[in-house]
1. Considering only the stretch 126-157, state which residues are assigned to a loop (DSSP other than H, G, I, E, B), within 27 Å of residue 247 (Cβ to Cβ) and in contact with a helix residue (DSSP H, G or I) (Cβ under 7 Å, 6 or more places away or on another chain).
2. Pick from the stretch 207-220 the residues that are in a strand (DSSP E or B) and modelled with pLDDT of 95 or more: which of them is surrounded by the fewest Cβ atoms within 10 Å (Cβ to Cβ)?
3. When the stretch 300-315 is examined, which residues are found to be in a helix (DSSP H, G or I) and within 18 Å of residue 83 (Cβ to Cβ)?
4. Can you name every residue in the stretch 227-257 that is under 19 Å from residue 200 (Cα atoms) and either more than 19 Å from the chain's Cα centre (by Cα) or assigned to a helix (DSSP H, G or I) (or both)?
5. Tell me the residue from 266, 251, 304 that is in the same structural domain as residue 220 (by TED's automatic domain parsing), in contact with a strand residue (DSSP E or B) (Cβ under 8 Å, 6 or more places away or on another chain) and within 29 Å of residue 76 (Cβ to Cβ), please.
6. Which is outside the structural domain of residue 197 (by TED's automatic domain parsing) and either surrounded by fewer than 16 Cβ atoms within 10 Å (Cβ to Cβ) or in a helix (DSSP H, G or I) (or both), of 39, 119, 78, 60?
7. Starting from residues that are in contact with a helix residue (DSSP H, G or I) (Cβ under 9 Å, 6 or more places away or on another chain) and in a helix (DSSP H, G or I), keep the ones in the stretch 1-12 and report whichever is surrounded by the most Cβ atoms within 10 Å (Cβ to Cβ).
């Protein structure tokens, strides 16, 4: 049995028909295929993403999506490999193929000089724990919209031309963190493409808004309004300075409009302080898990395991 890269077209033909029921969400199958191929052909996809299969001769036994990201931990830069869409066809389950596949990929990454492996587990985190992954704090925050301040703001929708301003705003927020995923130009394009798909949400419509002073974006929020849940779900927010941070609660209230709640993942360090306490609960889906592949990776994971005040990643980093 060997690991082999699967081309985007072969992956669409051989794997996506079987995974659509799990991960297509509200997209049609054609949309699911087109968006998967679009991401594979993006700048990030060509350089740092591929689909991988475990093969016995010409037979595909299991597959996963392989992502590469950099992490920063203080002044140190760490290399990370991400696992997504780990899948075994129904008729082949229970034979250890997925375990062998993930373990083989971890061994190759360790030999290749990577420091950390990561994934977001929706089901059976114990499967990954048996392979050396550790569950990190993964929580949801829920706020009453009417408990947020109603400051008068000149709010405007964000469009495709605003991503450069969003990036600058995000980087000023992110600079307050000791450790984080690194976002280069290719990663930002990947995030913008995925945001345009709105594929991370099973319901709702995109509501991405910001506040400007002149031409400067002072604060922004990316998310969806979900009337079925009476909730605005944020995926990420950022601010340019302290005055922008003070606008964020009111910006979230404006995004919620007549909806009763604002909810999302517990924000990371550097952003968590902008929101009131709210109700925090353990997240049973998209649980962030990491496995150390080096001493630096081990130290980072130990540090993140002890953070009771904030989560490590935004939903926009989900894979």
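The values are calculated or read from the model by the stated rules, or taken from the named source; none is laboratory data. Just so we're clear, the structure is a prediction, and the values are computed from it rather than from any experiment. Cβ atoms come from the backbone with ideal geometry, glycine included; neighbour counts cover every protein chain shown.
1. 148, 149, 150, 151, 153, listed by residue number.
2. Taking the stretch 207-220 first, the residues in a strand (DSSP E or B) are 209-213, 216-220.
Those left that are additionally modelled with pLDDT of 95 or more: 209-211, 217-220.
Values: 209: 18, 210: 26, 211: 24, 217: 24, 218: 24, 219: 28, 220: 27.
My answer is 209.
3. First, the residues of the stretch 300-315 that are in a helix (DSSP H, G or I): 300-305, 315.
Listed by number, the residues that qualify are 300, 301, 304, 315.
4. 227, 228, 229, 230, 231, 255, 256, listed by residue number.
5. It is 266.
6. That would be 39, the only listed residue that is outside the structural domain of residue 197 (by TED's automatic domain parsing) and either surrounded by fewer than 16 Cβ atoms within 10 Å (Cβ to Cβ) or in a helix (DSSP H, G or I) (or both).
7. Let us first name the residues in the stretch 1-12 that are in contact with a helix residue (DSSP H, G or I) (Cβ under 9 Å, 6 or more places away or on another chain), namely 1-3, 6-9, 11-12.
Still in the list and also in a helix (DSSP H, G or I): 8-9, 11-12.
On the way: 8: 19, 9: 11, 11: 24, 12: 18.
Looking at residues that are in contact with a helix residue (DSSP H, G or I) (Cβ under 9 Å, 6 or more places away or on another chain) and in a helix (DSSP H, G or I), I get 11.
Results for (1) modelled with pLDDT under 95; (2) buried (at least 23 other Cβ atoms within 10 Å of the Cβ); (3) in contact with a helix residue (DSSP H, G or I) (Cβ under 7 Å, 6 or more places away or on another chain), shown as yes or no for each residue.
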site: 244; (1), (2), (3): no, yes, no
site: 250; (1), (2), (3): no, no, no
site: 254; (1), (2), (3): no, no, no
site: 285; (1), (2), (3): yes, no, no
